[in-house]
Structures are given as C-alpha cells and as structure tokens.
Amino acid sequence: MDGSGRSRRGMSRRDLLRAGFATSAGLALGPVLAACAGPTGTSGAGTLTLALNRSLVSLDNKLNQFDAHVTVQRAVRQALTRIGDGLRPEPVLAESFELASPTAWRVRLRPEAVYSDGTPVTVADVATALEMYQQVEASFVGNQFPEWPQVEQVDDQTFDLVTQRPLVGLDALMSNILISPAAANLPEELSDGVGSGPYLVTEANRGTGDYTLRANPDYWGPAPGVERVSIRFLPEETSRVLALRSGEVDVIDSISPDSAEQLDGLPGMNLLQAQGTRLVQLFYNFRKPPEHPLSRPAVRRALSLAIDGPSIVRDVLLDSVTPTDGVVPLSLDGAYEVGSFEFDPRRARQMLDAEGVDDLELTIIWESGEFASDAYVMEAVAQMLGDIGVRAHLRQFEPGGDLPTWRQGRGGDFDIIGNGYGNQTGLALTSLQGLFAGTPEMEATGDAFMGFVYDDIAGGITAAAAETDDERRAVLLEDVQRSIWDLWPAMWAFTQDVLLAHRDTVSGLDLLPINSYDLAAVRLEEG
Amino acid sequence: MARYLALRIAQSLLTVFLIVSTVFVLVRLAPGDPAAAVGGPLATTEDLQAIREEMGLVDSVPQQYWHFITGLLQGDLGMSYSFREPALDVVLERLPYTITLAGAAILLTALVAIPLGVFTARRANTGWDLGANVGTIAGQSMPEFWTGIMLLTLLAVVVPIFPASGFTTWSGLVLPAVTIALLQVALISRLVHREMAANLAAPYVTVARSRGSAERALTWRYAFANSSIPVLTALGTRFASMLNGVVVVEVVFAWPGIGSLVVRALETRDYPLIQATVLVTSLLAIGVQLLVDLLYPLLDPRVRVGKAVSR
C-alpha cells in the first residue's frame with residue numbers, strides 16, 4: 001500500500017525536502033557567488049553618480065520643482081535664462097534679454113541654440129512653452145508669475161514678452177520655463193522628448209527614480225565635463241551618506257547638519273555650504289481676533305525677545321543656518337537688512353507686563369521635517385518661552401498635504417507656525433509677494449499667507465514690482481521691508497544654508513544658493 | 001480537491017474585496033489632502049479645488065467607491081497622483097523587485113534556520129544550544145534598521161565588497177536579504193528547535209531508536225518530517241508578509257520595491273497607488289497561503305486537502 005501510494009503521488013516527502021533544500025541553496029547562494037564574481041554598485045570609470053533625496057519623477061518642472069532636481073532638469077532641458085552667481089539671471093537660450101519698455105522685454109534667441117535632434121530653438125517653442133505652463137493646474141512655477149507674458153514675434157530670432165503691467169524680474173522668472181519643441185510640448189510633465197541641454201537621457205525609470213544621462217554630442221555650447229551621469233534616488237539620508245563614503249555615488253545634496261558633521265574631515269570627502277534662499281520662520285497666525293494679545297505688534301515683538309537665536313543656531317542647528325536680519329533672505333536680490341532678532345528675556349517680560357499680558361499660552365505647529373532638527377528647535381523655543389512665563393504647546397503634524405490646510409486657516413486654531421518658504425528666482429520680490437502681499441480678496445479664499453493682510457504693504461510690494469527704475473525700485477523695496485519688519489510677522493527666522501557633499505574626485509561643482517549647480521561644468525578625475 | 005480549491009479561491013476573493021474596501025475607507029478617513037500634496041506649497045484654494053475635481057475627490061465617498069469598484073472590475077485602479085501613470089502599472093513595475101528580495105530572504109532563512117534549529121534541538125542543554133539561543137535572541141532584538149546600517153557600514157564602506165544601495169547588480173541583493181534573514185532566522189530556528197525537541201522526545205522516536213534506526217533517519221525522516229508543517233506554515237506566513245513590502249529594509253537600501261512605494265504613496269496621499277498596492281500584495285499573500293495549504297499533503301500523508309487530519 002505504501003509503495004502504491006508513493007508511486008501515485010510521484011514525489012515522496014523526502015524528495016520534496018531534498019528538492020526544497022537544493023533549490024534554497026542554489027537560489028540563496030547564487031547571488032552571493034555572483035556578487036563575489038561580479039562588480040559592486042559603482043557605476044564605473046567616467047560616470048558621475050548623483051544620489052538625490054527625492055525621486056525625480058520627470059525631467060520637466062511644470063508641476064513640481066524640488067531644488068535638488070533643478071540641476072538635473074537643466075542639464076537636459078534649458079530655459080531662456082538661468083539663475084547664476086550672485087543670484088542674477090544669466091542668458092542661456094537667450095542671447096540677450098533686455099527691458100525694452102516698462103511692459104515689454106525684448107529677447108533675442110541664440111542662433112546656434114539647437115535641440116539634441118539638430119532642430120533649432122524657435123520663437124514658437126517659447127510661446128508654446130508659456131501656454132503649456134499656464135494650462136497646468138497648480139503649477140509650482142505658474143504661481144510665481146503675477147501675470148503671464150504674451151509673445152510677440154519680431155523676427156526669426158527676436159520676440160517681445162509683453163505684459164499688462166510692468167513686470168520687473170521677468171528675466172529671472174523665465175529661468176523656470178523650460179523650452180521644448182512646440183510640437184512635442186504638452187500641458188503636463190513631459191517624460192520624454194528632446195531638450196537643448198548638454199546631456200541626453202539614455203535610460204529612465206520613473207518608478208525607481210533612476211536615470212542615466214549621456215553627453216549630447218551635438219550640444220550647441222561647450223562640451224560637458226563628464227561623459228555619463230547616473231542619477232539615483234536614495235530616500236534615506238544615512239544610506240546616501242554611506243553610499244558616498246563607499247564610493248558608490250560621487251555627490252549627495254540637501255544633507256542635514258548631522259550628516260555634514262559626520263562627513264567633515266573624512267578623507268576623500270568635501271563639503272560645500274552656501275547661504276540658501278529658503279526662509280524658515282516661526283510665523284504668527286494673523287487670523288487671531290483683535291482682542292487676542294498676538295494681534296498687537298508689541299506682544300509679538302516681546303515674544304521674539306525671548307528667543308535665544310544664536311544659541312539655537314550654534315547648539316541645535318550646528319551653524320547650518322544663517323540668522324535673518326530682515327523679512328526675506330538677505331542673499332536675495334532686493335533684500336534689505338531692516339532689523340535683527342535680539343535676545344533679551346528681561347525686556348520681553350517687561351514688555352508683556354506693559355501690555356497687560358500674563359499667563360499666555362501658545363500653540364506652535366509645524367510639519368515634521370519642514371526644516372533640519374525641527375523638533376529640537378521647537379523644544380528649545382518652548383523652553384525659552386517658558387523662561388518668560390509663556391506656556392507653549394507643541395503640535396507636530398506629518399507631511400502629506402496638511403500644511404496648506406493650516407496655512408489657509410482651515411486646520412483649526414494655532415498661534416505660531418514653523419514654516420519654510422523657498423525661492424527659486426533669486427528675487428526678494430518673489431518672496432515678498434508670496435508671503436506679505438495678501439489682500440482681502442485673497443483672504444476670502446484663505447490664500448493670504450497665514451492671514452497676513454495689510455493694504456499698505458500689499459500696495460508697496462505691487463508698486464515695487466511695477467517700478468522699472470532700479471533706484472526707485474530699491475527705495476520702494478527697502479521701505480516696504482521696513483514696514484513689514486515693524487509689524488513683527490515672525491517670532492524668529494533664519495535662512496537654511498544649502499549643504500552638499502562630494503568625493504574629492506569631483507571638481508568644478510559651484511553650489512548656488514538655490515541649491516543647484518551647473519552639471520555641465522562638473523569634472524570627474526579617476527579616483 | 002477541485003471543490004476545495006474553488007471554495008478557497010472564492011474565500012480569497014471575498015477577503016481581498018473586504019481588504020481593499022476597508023483600505024478605501026481608511027485612507028479617506030486619515031488626515032491629509034491629496035490635492036494639497038499634488039499642488040505643493042504655493043497652490044491656491046482655486047488650484048486645489050481644480051485638482052480635487054480632476055481627481056474625482058469632490059464626489060461623495062460612496063460615489064468614489066462606486067467608481068473604484070467599477071474600475072476594479074475592468075482592471076482599472078486609477079491614475080497615480082504622483083507618477084501620473086496607471087497605479088496598477090506602477091505597482092507591477094516594482095513587484096518583481098520585492099518578490100526577488102522576499103524570495104532570496106526566505107530561502108536564506110530556510111537554509112540557515114532549519115539546520116540551525118535541528119542542530120540545537122539535537123544538542124539541547126549543551127553549550128551549542130546556549131550559544132545558539134543567545135544568537136537568536138540577539139537576532140530577534142536587533143531592529144532591521146540598525147542591522148541594515150551596520151551591515152552597510154561594515155560591508156559597503158569599511159570593507160567595500162557589496163553595493164550600498166539599489167539593485168544595479170545581483171550583489172545588491174545580498175545585504176538587504178541578509179538583513180531581513182537575520183531576524184527571520186532567529187524566529188524560525190527557535191520554532192524548528194521547539195518542534196524538533198518535542199518530536200525527538202515523542203514515543204514513536206523512542207520506539208524507532210529501540211528498533212535500531214540510525215540517528216540521521218530519526219532526525220530527518222521521523223522528527224523533522226513531523227515538524228515540517230508548522231515550519232512551512234511559518235515560512236509561508238513570513239514570505240507573505242514580506243511581499244507586502246519590507247518597508248524599513250527597502251528604504252535603508254533604496255530597494256525599488258513595494259515597501260518604498262507604499263511609503264511614498266502614503267506621504268503623498270496617493271489613494272489610487274495605495275489601493276493598487278494593497279490589492280496586489282493581498283492577492284499575492286493569499287496566493288502564497290493557498291500554496292502552503294496545498295503543500296501540506298505532500299509533507300504529511302495524513303493531511304487531505306479540505307479534510308481534517310485523521311489520527
């Protein structure tokens with residue numbers, strides 16, 4: 001009976017176990033043996049490998065533009081201008097970009113500028129690109145344009161960008177409009193197609209965020225310094241640091257102060273630090289009722305005096321930020337030093353007493369990861385407020401879409417929000433418009449930043465944006481920033497420095513305050 | 001057999017339906033706004049409303065559910081908000097990576113844990129047993145995140161013989177698979193040890209030994225054969241759970257699998273992607289469990305599929 005049973009099943013239990021073990025051994029040892037025989041994860045000679053902290057979903061920027069992606073996007077697709085040294089716009093596809101009249105900029109395209117397929121960059125491509133960016137819902141770039149310019153062709157290479165109102169800084173704003181052939185451009189993020197940049201995409205995997213670029217042999221400008229660039233997505237910072245140390249990647253950017261401290265001094269590693277353009281503020285909620293103490297500038301100022309900014313910068317943020325002596329980062333074009341945050345807790349208490357404020361309780365909210373060492377900073381702030389008799393309740397929320405709800409006043413009541421505000425144009429005006437140019441109409445839909453609505457401030461910013469005379473605009477900008485400072489919109493603020501680490505085999509890497517660099521200028525020595 | 005199989009498949013489909021329906025409701029109850037995640041920090045109220053309309057989020061939850069179910073029946077799980085591609089395609093693109101990692105980890109686990117468990121059971125209350133006990137407790141106590149970072153530091157930085165991240169070569173599979181297997185070996189070997197110890201002390205083994213059976217036969221043909229069902233069940237369960245994404249390990253090693261995809265989908269409140277991931281992984285997990293059930297009769301002739309064991 002046993003024998004017949006076995007022959008009927010065809011496989012005995014012993015056979016099954018043996019087969020299982022044999023398969024296990026083969027499959028489990030196979031990769032190990034292959035690993036010993038094969039190469040490791042290094043990309044090979046002549047390849048520059050970058051590890052990004054956010055997945056590069058596409059090489060287009062119509063919807064999202066994370067600063068770490070700008071470097072790669074602009075190596076493939078180019079704009080009329082780019083933000084260069086000193087945060088000044090520099091011509092790229094444009095040969096010249098000049099203000100022709102208060103409401104018109106005259107642009108001349110470079111005659112030599114061609115796409116990687118050899119076709120020239122045309123005026124129609126620029127006009128179509130502007131249309132496509134306008135048609136995209138919630139475009140990150142689109143929201144920076146107070147008004148979309150119209151393209152009026154002058155000749156084959158020349159056109160005017162015409163606006164209803166004067167739009168100073170249009171040359172900087174256009175650095176974010178990437179130009180593609182008109183026929184292939186769509187009102188969505190382009191995942192393929194050609195660009196005019198120094199590199200071509202040879203492999204792309206949107207799912208994993210891994211891309212391979214090769215030098216464009218027909219590039220119209222100087223040949224890039226590296227033949228092949230590999231872009232990888234490594235979300236975990238510790239893994240990025242270890243990948244750099246192992247030699248598997250050559251450059252990691254957007255690193256935290258802790259990682260910078262770990263890498264500092266290690267042989268073969270270099271750190272680059274630049275003052276950034278992202279302003280982090282402990283911004284007051286301007287939607288409080290008039291009888292609330294925070295509605296008074298004197299109370300807001302008194303609370304500021306409780307914050308020992310230098311200690312936080314030194315001990316918690318490890319000198320990875322720059323204190324902001326103004327209302328926007330001082331690295332921006334048009335930013336003015338209009339005041340500084342002081343630490344004087346005794347005076348803070350006196351001012352609160354003079355205002356009749358005691359037993360004040362504050363709720364401070366922020367999104368996890370909004371800035372480096374966020375929780376430690378907030379705990380320090382709460383303790384400092386406690387030292388002047390103000391009780392602070394900290395409330396942290398997870399990333400994933402809640403931030404606009406709080407900003408728009410739909411998330412509930414709070415007193416102070418820890419919030420970062422980026423700037424990719426290099427212009428103080430862009431930040432001033434986004435943060436402080438709120439109007440009653442905007443507030444009706446919750447779009448005034450934290451309810452900050454002051455008609456004279458909004459009017460001052462609008463006037464500065466429309467002023468084409470440099471000297472008069474400078475005066476207007478300084479005046480409006482001084483007026484904003486006097487309102488004490490933030491309890492404390494700093495500008496987050498941008499930090500990048502690379503192996504010493506990499507050279508020519510010039511980190512800009514917008515957390516980007518020119519990939520074509522990077523050189524790689526064989527290590 | 002065929003009837004049993006049909007019944008199990010029907011049960012499985014019902015389970016999957018309940019799982020995806022529950023997830024559909026739960027993700028919508030969770031805080032966060034997908035439109036805000038897509039629109040970014042500068043999106044205006046008007047922008048957010050336009051995005052919600054485009055995503056179909058302005059409909060009531062029952063309406064959204066109806067659209068989901070009708071789409072599901074046609075194999076359409078919607079477009080991923082963050083990838084702008086069909087959510088199912090995004091998941092299926094990542095799936096082979098997770099299956100590869102989970103497969104390697106479970107095979108490594110079986111290969112190490114079973115002999116280790118048998119070895120220590122045969123040498124109960126000896127120094128070997130004590131040493132293995134300490135090792136397995138240590139293995140259970142080490143968080144995968146820490147183990148992964150330590151292995152990376154040692155074998156990718158100090159002695160750079162393996163890649164630190166990703167799956168660009170087969171060698172990239174080694175460190176993540178070992179990281180997962182370390183914990184699993186600790187758990188499974190203890191289970192094998194316990195089962196084997198019980199079976200080696202059972203009367204039928206004593207009788208077989210008294211009749212002159214060799215120790216090797218007693219260990220493998222008698223004791224281990226009778227221990228194999230709980231071990232196979234445990235391995236199957238572990239494998240099924242790994243298919244849901246070995247989140248921590250995938251993030252540490254930048255492994256492009258389901259686990260890291262889930263993290264991203266949750267961060268961006270990408271409802272279609274979350275739903276597609278849950279659907280695919282639950283189907284796989286249930287499939288693995290069914291396969292394990294079907295293997296039982298091969299391991300123990302007393303087991304008949306769909307019937308109770310007769311003793």
Lys, Arg +1 and Asp, Glu -1 on Cβ, resulting dipole of the protein assembly as shown about Cα centre, debye, nearest 20: 6580
Measuring from centroid to centroid over Cα atoms, what is the spacing of the stretch A:101-120 and the stretch A:226-297 in Å? 35
Once a ≥ b ≥ c are taken as the square roots of the eigenvalues of the Cα gyration tensor of the stretch A:432-476, is the result rounded (a/c under 1.5), prolate (a/b larger than b/c) or oblate (a/b not larger than b/c)? prolate
Would you mind getting me the FRET efficiency between B:Val58 and B:Asn133? Use the beta-carbon distance for r and R0 = 56 Å, nearest 0.05. 0.40
With a ≥ b ≥ c taken as the square roots of the eigenvalues of the C-alpha gyration tensor of the stretch A:276-496, please select rounded if a/c is under 1.5 and otherwise prolate if a/b is larger than b/c or oblate if it is not? rounded
What 222 nm value per residue comes from the helices of chain A, counting each DSSP H run with n ≥ 4 as -39,500 (n - 2.57) and dividing by all residues, nearest 500 deg cm²/dmol? -9000 deg cm²/dmol
Of B:Tyr65, B:Tyr296, B:Tyr97, the one that fluctuates the most in a GNM where chain B has Cα springs shorter than 10 Å: B:Tyr65
Can you tell me the orientation of helix A:345-354 relative to chain A, as the angle in degrees between its alpha-carbon axis and the longest Cα principal axis, to the nearest 10? 50
Whole-Å distance linking the alpha carbon centroid of the stretch B:176-236 with that of the stretch B:56-90 is 47
Compute the distance in nm between two label points, each set 7 Å from the Cα along the Cα-to-Cβ direction, one at A:Glu441 and one at A:Thr468. 2.4
Which residue, A:Leu477, A:Ser507, A:Met491, has the largest displacement toward the positive end of the dipole of the stretch A:470-527 when charges sit on each Cβ (Lys, Arg +1; Asp, Glu -1)? A:Met491
Bins of 10 Å from zero: percent of alpha-carbon pairs in the protein assembly as shown: 2, 11, 19, 21, 19, 13, 8, 5, 2, 1, 0
Candidates B:Ala217, B:Ala110, B:Ala132, ranked by Gaussian network fluctuation over chain B, Cα under 10 Å, top entry: B:Ala217
What ³J(HN,Hα) values, in whole Hz, does the Karplus curve 6.51 cos²θ - 1.76 cosθ + 1.60 give for the stretch A:453-461 when θ = phi - 60°, with x put for Gly and Pro? 10, 9, 4, 5, 5, 4, x, x, 5
What does the net charge come to around A:Tyr284 if you take all other residues with beta carbon closer than 9 Å to its beta carbon, with K and R at +1 and D and E at -1? +1
Compare the peptides B:268-277, B:8-17 by average per-residue count of other Cβ atoms within 10 angstrom and give them in order, highest first. B:268-277, B:8-17
Cut-off 20 Å, label point 7 angstrom out along Cα-to-Cβ of A:Gln383: give me the residues of the stretch A:302-328 whose amide nitrogen falls inside. A:303-321
Using alpha-carbon coordinates, inclination of helix B:87-122 to the longest axis of chain B, degrees: 20
What list of whole percents do you get for P(r) of chain B, with Cα-Cα distances grouped in 10 Å bins up to the one holding the largest distance? 6, 21, 25, 23, 15, 7, 3, 1, 0
I want to verify a result. In a Gaussian network model of chain B, Cα cutoff 10 Å, which of these has the top mean-square fluctuation: B:Ile161, B:Ile69, B:Ile286? B:Ile161
If you count, for every residue in A:204-213, the Cβ atoms of partner chains within 10 Å of its Cβ, what is the mean? 4
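No value in this document is a laboratory result; all are computed from the given coordinates. Note that the structure is a prediction, hence the values are computed from the model and not measured. Heads up, the Cβs are rebuilt from the backbone with ideal geometry, glycines too, and the neighbour counts pull from every protein chain shown.
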